[in-house]
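The block underneath contains the structure these notes are about, expressed in structure tokens.
The values are calculated or read from the model by the stated rules, or taken from the named source; none is laboratory data. All figures in this text were calculated on a predicted structure; none of them were measured in a lab. Please note: Cβ atoms are built from the backbone with ideal geometry, for glycine as well, and neighbour counts cover all protein chains shown. Surface areas here come from the heavy atoms of the whole protein model, side chains and all, with no ligands, DNA or RNA. Shrake-Rupley method; radii C 1.70, N 1.55, O 1.52, S 1.80 Å.
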Amino acid sequence: MSPSAPPAALRLASPPKALLPALSPSSARSPRLSMSTTPSRPRATPLAATAGGGGAAPSLLAADPGHRDSVILAARGAMTNCLGETHLDLVVPGLRLAAKGKVRDVYESGEHLVLVTTDRQSAFDRVLASIPFKGQVLNETSLWWFNRTSHITPNAVVSSPDRNVTIAKSCSVFPVEFVVRGFVTGSTDTSLWTVYNKGVRNYCGNAIPDGMVKNQKLPANILTPTTKAADHDVPITPDEIVKSGLMSKDDFDEARSKALSLFECGQKVALENGVILVDTKYEFGKTADGTVVLIDEVHTPDSSRYWIANSYEERFKSGLEPENVDKEFLRLWFKNNCNPYEDKVLPEAPEELVSELAWRYIFLFETITNTKFEIPETQEPIHERISRNVAQALRNL
């Protein structure tokens, strides 16, 4: 895979250990996810979503307040030990820096890529903050999903020598992101709700019916591909992808089919555990033997939007934003406090929001995988740990 689109890792998680109780099948299915059209609704304050409204079912986010408090305390203590930048090429023999993405730093070593997932938090095509434990959460979340979806598509992962690191085989990356959506929602310029609210009814080749409102479920999941132009994503139709030579029709059709199947699988697993997979993105590459493989990350809170299932319908009917388990509330804070697309200098994210986001990322990992997230017990600088583990792994390849 090329440096511009790294995959995440495929190391098996530790033996399952239930931490947050999964909803029963009946309660997980409690929200009716197809509903009638209603008038437009006001937005709720983002952090108000941490608990349901009066008379609402208890929030899954508040199921274990003691655990939440301990994670937030650990996050606050780790804010000075976040992984913001990496320089492995200066300390690990044989490594060459290939690319620095918004979140991942990519190094080359022969036929392999070393992909380091940092704690950088990005949105609006720029870095907003550093979130404690975020890189580890993303790497380990993808590990679990890569393993869970291997029956749908192969991937390029070789090993994961560190909590924040994946080693993968190089392949040719398709310059298209496969964004799959199940709901009309979002706050960025390319989100479905933003364009729909401006009157767009055909988006990336998909006809969207009139009369829909924010956060409403679509009649069926849709694919809305994007491609890169400078530093931002540009929506594109399937026909434009093929005509412009970005992908052949056969490759696109195969990747589209895999993306929709992956999303359907993700929605099923998420709902079984009490959360809704709202939308996500996938990236694919092609190996030397012509195999289309899944790369980058899978169903992480960085690449995906998640809502709490048992409060969705009531909040939707009441005109409240869904309880989100992703970075959407941080996006909304920046949109309400600056122009994140145009301001050269952004305000510093409040510590309360940073630690809350760290908790939500860990909560999502534990809820879906039913495994306990292992918070690093030592204050060893993350970069030193990664450098040591990567050097040893490369010697053993």
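Starting from residues that are closer than 26 Å to ILE308 by Cβ and assigned to a loop (DSSP other than H, G, I, E, B), keep the ones in segment 170-188 and report whichever is most open to solvent (accessible area, probe 1.4 Å). If we take residues in segment 170-188 being closer than 26 Å to ILE308 by Cβ and assigned to a loop (DSSP other than H, G, I, E, B), then THR188 is most open to solvent (accessible area, probe 1.4 Å). Kindly indicate whether LYS344 is surrounded by fewer than 12 Cβ atoms within 10 Å (Cβ to Cβ) and of a type in the set (D, E, K, R). So LYS344 passes the test. Taking the listed residues GLU254, GLU264, the one that is under 19 Å from the mean Cα position of the chain (by Cα), at pLDDT 95 or above and among the acidic types (Asp, Glu) is GLU264, with no other qualifying.
Kindly provide the set of residues from segment 260-276 that are part of a helix (DSSP H, G or I) and open to solvent by less than 20 Å² (accessible area, probe 1.4 Å), ordered by number. Once the filter is applied, which keeps residues that are part of a helix (DSSP H, G or I) and open to solvent by less than 20 Å² (accessible area, probe 1.4 Å), segment 260-276 yields LEU262, PHE263, GLY266, VAL269, ALA270.
Condition check ((1) modelled with pLDDT of 95 or more; (2) among the hydroxyl-bearing types (Ser, Thr, Tyr); (3) over 26 Å from ALA255 (Cα atoms)) across all residues:
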{"site": "PHE284", "(1), (2), (3)": "yes, no, no"}
{"site": "ASP302", "(1), (2), (3)": "no, no, no"}
{"site": "PRO322", "(1), (2), (3)": "no, no, yes"}
{"site": "LEU330", "(1), (2), (3)": "no, no, yes"}
{"site": "PRO340", "(1), (2), (3)": "no, no, yes"}
{"site": "ASP343", "(1), (2), (3)": "no, no, yes"}
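Of everything listed in (1) crowded, with 16+ Cβ neighbours inside 10 Å; (2) within 14 Å of GLU140 (Cα to Cα), the single unmet condition for GLU374 is (1). Taken together, the residues in segment 74-96 that are within 25 Å of the chain's Cα centre (by Cα), modelled with pLDDT of 95 or more, among the hydrophobic types (A, V, I, L, M, F, W, C) and open to solvent by 50 Å² or more (accessible area, probe 1.4 Å) amount to 0.
Filtering segment 277-303 to residues that are in a strand (DSSP E or B), under 24 Å from ILE362 (Cα atoms) and open to solvent by 10 Å² or more (accessible area, probe 1.4 Å) leaves ASP279, LYS281, GLU283.
Within the bounds of segment 112-125, is there any residue that is among the β-branched types (Val, Ile, Thr) and touching an Asp or Glu at 6+ places or on another chain (Cβ under 6 Å)?
Looking through segment 112-125, at least one residue is among the β-branched types (Val, Ile, Thr) and touching an Asp or Glu at 6+ places or on another chain (Cβ under 6 Å).
Just checking, does segment 189-211 include any residue being of a type outside the set (A, V, I, L, M, F, W, C), open to solvent by less than 40 Å² (accessible area, probe 1.4 Å), part of a loop (DSSP other than H, G, I, E, B) and at pLDDT 95 or above? The answer is yes, given that some residue of segment 189-211 is of a type outside the set (A, V, I, L, M, F, W, C), open to solvent by less than 40 Å² (accessible area, probe 1.4 Å), part of a loop (DSSP other than H, G, I, E, B) and at pLDDT 95 or above. The residue pairs whose first member lies in segment 98-125 and is over 27 Å from ARG76 (Cβ atoms), whose second member is polar (S, T, N, Q) and outside any loop (DSSP other than H, G, I, E, B), and whose beta carbons are closer than 7 Å, counting only pairs six or more residues apart or on different chains, are LEU115/THR166. Taking the numbered list (1) modelled with pLDDT of 95 or more; (2) within 18 Å of the chain's Cα centre (by Cα); (3) within 22 Å of PHE329 (Cβ to Cβ) in turn, VAL116 passes all entries but (3). Among the conditions (1) within 22 Å of ILE382 (Cα to Cα); (2) free of Cβ contacts under 8 Å to residues at least 24 places away in the same chain, the only one that THR194 does not satisfy is (1).
Evaluating ALA309 against the criteria (1) farther than 22 Å from SER130 by Cα; (2) surrounded by fewer than 22 Cβ atoms within 10 Å (Cβ to Cβ) leaves one unmet condition, (2). Note on segment 111-134: among residues that are among the polar types (S, T, N, Q) and in a strand (DSSP E or B), the one that is most open to solvent (accessible area, probe 1.4 Å) is SER130. Among the residues in segment 371-383, are any touching a residue at least 12 places away in the same chain (Cβ under 8 Å) and of a type in the set (Ser, Thr, Tyr)? Yes, because at least one residue in segment 371-383 is touching a residue at least 12 places away in the same chain (Cβ under 8 Å) and of a type in the set (Ser, Thr, Tyr). Buried (at least 22 other Cβ atoms within 10 Å of the Cβ) and in contact with a Leu (Cβ under 9 Å, 6 or more places away or on another chain): does that describe SER355? Criteria not met by SER355. Apart from one condition, THR166 fits all of (1) surrounded by fewer than 24 Cβ atoms within 10 Å (Cβ to Cβ); (2) in contact with a Ser or Thr (Cβ under 6 Å, 6 or more places away or on another chain); (3) in a strand (DSSP E or B); (4) not small (Gly, Ala, Ser); the exception is (1). For segment 310-364, the set of residues classified as outside any loop (DSSP other than H, G, I, E, B) and of a type in the set (Lys, Arg) consists of ARG315, LYS317, ARG331, LYS335, ARG360, listed by residue number.
Scan segment 135-160 residue by residue and report those that are assigned to a strand (DSSP E or B) and buried (at least 20 other Cβ atoms within 10 Å of the Cβ). If the condition is that a residue be assigned to a strand (DSSP E or B) and buried (at least 20 other Cβ atoms within 10 Å of the Cβ), then ASN155, VAL157, SER160 are the ones that fit.
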